[in-house]
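First comes the structure, then the notes that go with it.
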Amino acid sequence: MRTMGNRRGFTMLEVMMSLSIMTMVLVATVSMMIATMRCYQSESAKVDTDTSAVMAMQDIVNKVREAKTVDILNTQNNIIPSTNLTTDGVRLNIKPPITVQDKDYYDRSQIDTVNTTDYYISDATGETGRTGTYLWRDDKDGKRIIKNNVSSLLLRWDTSRSIKITVTTKEQITNQNKPYVETQLTQRVVYLRNY
């Protein structure tokens, strides 16, 4: 049998060294976890802004390609002529060709001035001329939000039959050095098929 006097324990120095090593490992692990979470938040926000920009752009491009005529309007709702290749507009008015009654095809020789589609940026009310981060689409089915966190929609004539569209989306990031992530997507030439 062993007696109590023969048992050896840890010295105070060994305990302090063990605690110091465990503390360093714990601090390194927590720091790595925080860095990973920040990276994940940043990349997740970047993916969200990229997706929002692509979806907004695709919605607009699909409508423009099927249009008979397109009007680009400035902030005062004045039409920018297609010969002006240097001025940016902020609102897009799309007029499709007339759909033949009871049939599913266009009469490409005529413009439908009733069933137009407008794209613009506004606040949550959807009123034109207001500032906000909502991309709105106003057509025969009514107003609806296409995407949120859209900071700008810029439109410019590229030629008399094509336009350049730029959509910028932004998303805020919490606990980051940068306050937001931004994606700017430009579709350089969108031709009107039914022109």
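Residues checked against (1) of a type in the set (Ser, Thr, Tyr); (2) loosely packed, with under 13 Cβ neighbours inside 10 Å; (3) modelled with pLDDT under 90; (4) more than 21 Å from ILE121 (Cα to Cα):
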{"site": "MET32", "(1), (2), (3), (4)": "no, yes, no, yes"}
{"site": "ALA35", "(1), (2), (3), (4)": "no, yes, yes, yes"}
{"site": "ARG38", "(1), (2), (3), (4)": "no, no, yes, yes"}
{"site": "THR49", "(1), (2), (3), (4)": "yes, no, yes, no"}
{"site": "MET57", "(1), (2), (3), (4)": "no, no, no, no"}
{"site": "ALA67", "(1), (2), (3), (4)": "no, no, yes, no"}
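Determine, yes or no, whether SER82 is under 30 Å from VAL181 (Cα atoms) and either touching a strand residue (DSSP E or B) at 6+ places or on another chain (Cβ under 7 Å) or of a type in the set (Ser, Thr, Tyr) (or both). It is false that SER82 is under 30 Å from VAL181 (Cα atoms) and either touching a strand residue (DSSP E or B) at 6+ places or on another chain (Cβ under 7 Å) or of a type in the set (Ser, Thr, Tyr) (or both). In the stretch 163-174, the qualifying residues are those that are at pLDDT 85 or above and over 13 Å from the mean Cα position of the chain (by Cα), and the one that is nearest to ALA35 (Cα to Cα) is ILE165. Among LYS147, LYS140, LYS164, which is of a type in the set (Lys, Arg) and loosely packed, with under 12 Cβ neighbours inside 10 Å? Only one candidate qualifies: LYS140.
Specify the residue that is farthest from the chain's Cα centre (by Cα); the eligible residues are those in the stretch 82-109 that are surrounded by 13 or more Cβ atoms within 10 Å (Cβ to Cβ) and more than 27 Å from ARG130 (Cα to Cα). Once the filter is applied, the top-ranked residue is ASP107.
Against the definition (in contact (Cβ under 8 Å) with a residue 24 or more places away in the chain, touching a Lys or Arg at 6+ places or on another chain (Cβ under 7 Å) and under 21 Å from ALA53 (Cα atoms)), how does VAL190 come out, yes or no? When the stated conditions are applied, VAL190 passes them.
Among the candidates ILE34, ILE72, ILE121, which residue alone is out of contact with any helix residue (DSSP H, G or I) (no Cβ under 6 Å at 6 or more places or on another chain), outside any strand (DSSP E or B) and either more than 18 Å from ILE165 (Cα to Cα) or hydrophobic (A, V, I, L, M, F, W, C) (or both)?
Working: ILE72 fails: outside any strand (DSSP E or B); ILE121 fails: outside any strand (DSSP E or B).
Unique residue meeting the criteria: ILE34.
The values are calculated or read from the model by the stated rules, or taken from the named source; none is laboratory data. Bear in mind the structure is a predicted one, so any value in this text is a computation, not a measurement. Neighbour counts run over all protein chains shown; Cβ positions are idealised from the backbone, glycine included.
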